[in-house]
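Enquirer: Got a structure for you, written out below as structure tokens; questions coming shortly.
Bear in mind that the values in this text are calculations on the coordinates, not laboratory data. Keep in mind that this is a model prediction, so the values were computed, not measured. Neighbour counts are summed over all protein chains in view; Cβ atoms, including those assigned to glycine, are modelled from backbone coordinates with ideal geometry.
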Amino acid sequence: MPDGIVKITVNLKRGNKVKKVVSVVVCLCFLILSGSVFAEQPNAGSGQKGVSLLLGYDAAYLHYVETTPLSGGDLDKDTGWQNGGFGEIRYDLDKAFARLNVEAIGSNSADYKGSLQNGTPLSMKTKERIYKTELDAAYKLWNESTATLSPYIGAGYRYWKRGEDVLPDYTEKYTWWYAALGANYAYKYNRWMFGIDAAFLWPFSMKMETNVSGLIDDASFHIKPRLGFRIELPTSCEVYRTKGMQLSVFGTPYYEQWNIGQSSDVTLTQGGVPVGTAVEPKSNTELYGIKIGLGINF
């Protein structure tokens, strides 16, 4: 926001790494699921099977803080509720499952507290737009009685558009790919399903782009990856059933954290002429959220 800026170019090697990670996850989804086709058994554990579709409302409280490079204190912060939607498709076999989910949240009224480039304190409302998609492949390691434990790997992409080009505000676009390593636990009790889903998140190919509302040439910078994580507590209740189809309602509280390391110095230009240097500071993003909606299984 009105504090720091930077420049980066994502090289070809980095782009190839992205393609390799996504390809590996897609291949593992196919191999795990196709392998399970030949080992079908009566459903055990939590009993999840077939195709499941989830669709609902997603709300999260955003708490984003940038840290000043010199003192380590808060440089600026964005806070406030973000609202949007969530969708997921999941395919279960007896020994494995794969899922693809998409999330989109945002608002026009997040609270920004920071300062102008000259150090003048500034408080204002600002826009936030956050989009995320992830593909996971899981193996049902323990699938007995009424419970299932499934470790999984995944690959995802996150896009965050922060601010708007109306001075003193301006737009920053944060984008990165990430790998996920986690575990999903599900326990069935009568019509209820309770679960815990937790994962480590490792971002890569990270960059932020801005032109400070046209005051400088387009600039992008390499932001350093740091390990993040998330934890979700999915709960659902079956409300209607026919032969071959079940309808349920679900609610999933969650917490998600992303960490960014400080970038290197970058030269800023106006019309190609250098006008100074800047960095993207170290930062931390936390989301405290809940997803609620309907699910159908068939």
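Enquirer: Once you put a point 7 Å from the Cα of residue 173 and another 7 Å from the Cα of residue 264, both along the Cβ direction, what distance in nm separates them?
Expert: Going by the 7 Å Cα→Cβ label model, 2.3 nm.
Enquirer: What percentages make up the Cα-Cα pair-distance distribution of segment 65-186 when the bins are 5 Å wide from 0?
Expert: Bins of 5 Å from zero give 2, 9, 15, 15, 13, 12, 10, 9, 7, 5, 3, 1, 0 percent of pairs.
Enquirer: Counting alpha carbon pairs within less than 8 Å and at least 6 residues apart, what relative contact order, in whole percent, applies to the chain?
Expert: Answer for the chain is 21 percent.
Enquirer: Go through segment 82-89 residue by residue and turn each phi into a ³J(HN,Hα) via Karplus (6.51, -1.76, 1.60, θ = phi - 60°); whole Hz please, and just put x for glycine and proline.
Expert: 10, 10, x, x, 9, x, 8, 10
Enquirer: For segment 50-60, take each phi angle, set θ = phi - 60°, evaluate the Karplus expression 6.51 cos²θ - 1.76 cosθ + 1.60, and give the result in whole Hz per residue in order, putting x for glycine and proline.
Expert: Here the 3J(HN,Hα) series is x, 9, 10, 10, 10, 8, x, 8, 10, 10, 8 Hz.
Enquirer: Suppose the chain between residue 131 and residue 111 were pulled fully straight at 0.36 nm per residue; how much longer would it get relative to their current alpha carbon spacing?
Expert: Result for the pair: 5.3 nm of gain on full extension.
Enquirer: Report the extension gain between residue 53 and residue 181 in nm, rounded to one decimal, defined as 0.36 nm multiplied by the number of residues separating them, less their alpha carbon distance.
Expert: 43.8 nm
Enquirer: Here's a follow-up. For labels at residue 63 and residue 102 in the simple 7 Å Cα→Cβ model, what's the distance in nm?
Expert: Using points 7 Å along Cα→Cβ, the separation is 3.1 nm.
Enquirer: So what's the Cα pair-distance distribution over the chain, bin width 5 Å, in %?
Expert: Spelled out per bin, shortest first, that is 1, 5, 10, 15, 16, 14, 11, 9, 7, 5, 4, 2, 1, 0.
Enquirer: Which order do the peptides 90-98, 227-235 take when ranked by the mean count of other beta-carbon atoms within 10 Å per residue, highest first?
Expert: 90-98, 227-235
Enquirer: Next question, about the same structure. How many nm separate the modelled label positions at residue 192 and residue 284, each set 7 Å beyond the Cα in the direction of the Cβ?
Expert: So the label points at residue 192 and residue 284 sit 3.4 nm apart.
Enquirer: What is the packing order of peptides 289-295, 67-73, taking the mean over residues of other C-beta atoms within 10 Å and listing the highest first?
Expert: Working: 289-295: 19.0, 67-73: 11.0.
Those peptides, ordered most packed to least, come out 289-295, 67-73.
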